[in-house]
Amino acid sequence: MKRSRAPAHWLARAANDSPAAELPTGEAFRSEWIDFEHGVRVGNLQPHERITQILRFHLEGRHGTRFITDRWGRGVFWHWICWLPRANREAKPFSNKVNFGCAKFFISADQETHVFKAGLQVERGFLTGPEAEKNWGFRDDWDWCRLMDHCHKGSELDRELHRLLEREGFVVETGDWDNRAVLDSSTFRSASQIAAYARKCPGDKWAGFQLYYPLPEAEVRACSGSDLIQAIRGAFTEVTLAMNCCMQIRI
């Protein structure tokens, strides 16, 4: 397994900060900052305590490339956070100024199910209607296209999904965000199911694909902060090959 090391720009940043500045290794994180009523706490924390900084530090050290952080939410708590390789976005001929078309690592604290999710997300924007003309309208260079190319029996992605769902306990959610299908070890047959669900998604709905490891609230509460960070890192490592199937560059 590749070992994470501090990227040079993180070391330079720490050197330029106060003498007490710490690198965001995850040792200072606390699992109670995953709040299933409000979201993931990122505000009112020191930089080295924030999960946004901790996971970007890990990803950049592990993969040796810069990552962009994005989120849904505002204020102290964010509901969904993602990290995407900057080089993959920059490789896109039409969509290199937006994050929507990029495969990304993500975390979220589901307020309905009280399940914490960590894994991979790929989005399909709007195909029709007025929203399709905006930045979040689907374009031909989005990673969704490569995902769909791999959604058939016997593909590299298909083999990874069999491994992750049947042996490692991962879950797939796919479809439009208001009506997502859930696939696990008991219902997954092949990656062709994902393409079939995608074809049913209305063009005027936001659609996507998530491959994640689920942690129920009780398990989150039983973890120390550093153990939870290790679990998220492990989930990101497990979905990396599937992510590489979808991107224009590989990490």
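When you filter the chymotrypsin sites (Phe, Trp or Tyr not before Pro) in the stretch 146-251 for DSSP loop state and at most 15 other Cβ atoms inside 10 Å of their Cβ, you are left with TRP177. Rounded to the nearest 20, the Cβ-based charge dipole of the chain about its Cα centre (Lys and Arg +1, Asp and Glu -1) stands at 780 debye.
At q = 0.10, 0.12, 0.16 Å⁻¹, what log₁₀ I(q)/I(0) does a Debye calculation on the Cα points of the chain give, no solvent, two decimals? Values, matching the q order: -0.48, -0.70, -1.26. Per residue, the chain reaches -10000 deg cm²/dmol at 222 nm when only DSSP H runs of four or more residues are counted, each adding -39500 (n - 2.57).
Between ALA181 and ASN44, the FRET efficiency estimated from the beta carbon spacing at R0 = 45 angstrom works out to 0.75. Computed from label points 7 Å out along Cα-Cβ, the spacing between ASN99 and SER192 is 3.6 nm. Counted residue by residue at 0.36 nm each, then reduced by the alpha carbon distance between them, the extension gain from SER226 to HIS79 reaches 50.9 nm. Under the criterion of Cα pairs below 8 Å and six or more residues apart, the relative contact order for the stretch 115-251 equals 37 percent.
Pick from ALA191, ALA109, ALA181: which residue has the top mean-square fluctuation in a GNM of the chain where Cα pairs under 10 Å get a spring? Of ALA191, ALA109, ALA181, the Gaussian network model singles out ALA181 as fluctuating most.
Between ASN135 and ASP149, the modelled labels are 2.6 nm apart [label points 7 Å from Cα along Cα→Cβ]. Computed extension gain for ALA218 through ARG86, at 0.36 nm per residue and net of the alpha carbon distance, reaches 44.0 nm.
For the pair GLU168 and ARG30, a Förster radius of 25 Å applied to the C-beta separation gives a FRET efficiency near 0.40, rounded to the nearest 0.05.
Shown in residue order for the stretch 86-93 are the 3J(HN,Hα) couplings computed by the Karplus curve 6.51 cos²θ - 1.76 cosθ + 1.60 at θ = phi - 60°: 4, 4, 5, 5, 5, 6, 7, x Hz (x for Gly and Pro). Listed by number, the DSSP H helices of the chain that run 30 Å or longer by alpha-carbon position along their axis and have mean Kyte hydropathy of at least -1.0 are 225-246. Taking Cα centre as origin and charging only the Cβ of basic (Lys, Arg, +1) and acidic (Asp, Glu, -1) residues, the dipole magnitude of the stretch 33-84 rounds to 180 debye. Comparing mean-square fluctuations of CYS145, CYS102, CYS82 from a GNM of the chain with C-alpha springs under 10 Å, the top value falls on CYS145.
For the stretch 148-186, state which GluC sites (Glu not before Pro) are in a DSSP loop and have at most 14 other beta carbons lying within 10 Å of their beta carbon. Sparse-neighbourhood loop GluC sites (Glu not before Pro): GLU168. Across the chain, how many lysine pairs separated by 8 or more positions, or lying on different chains, have Cα atoms within less than 28 Å? Taking the Cα cut-off of 28 Å, the pair count is 24.
All of the numbers you see were taken from the coordinates with simple rules; none came from a lab. Everything quoted here is computed from the prediction, not taken from an experiment. Note that each Cβ is placed from the backbone with ideal geometry, even for glycine, and that neighbours are counted across all protein chains shown.
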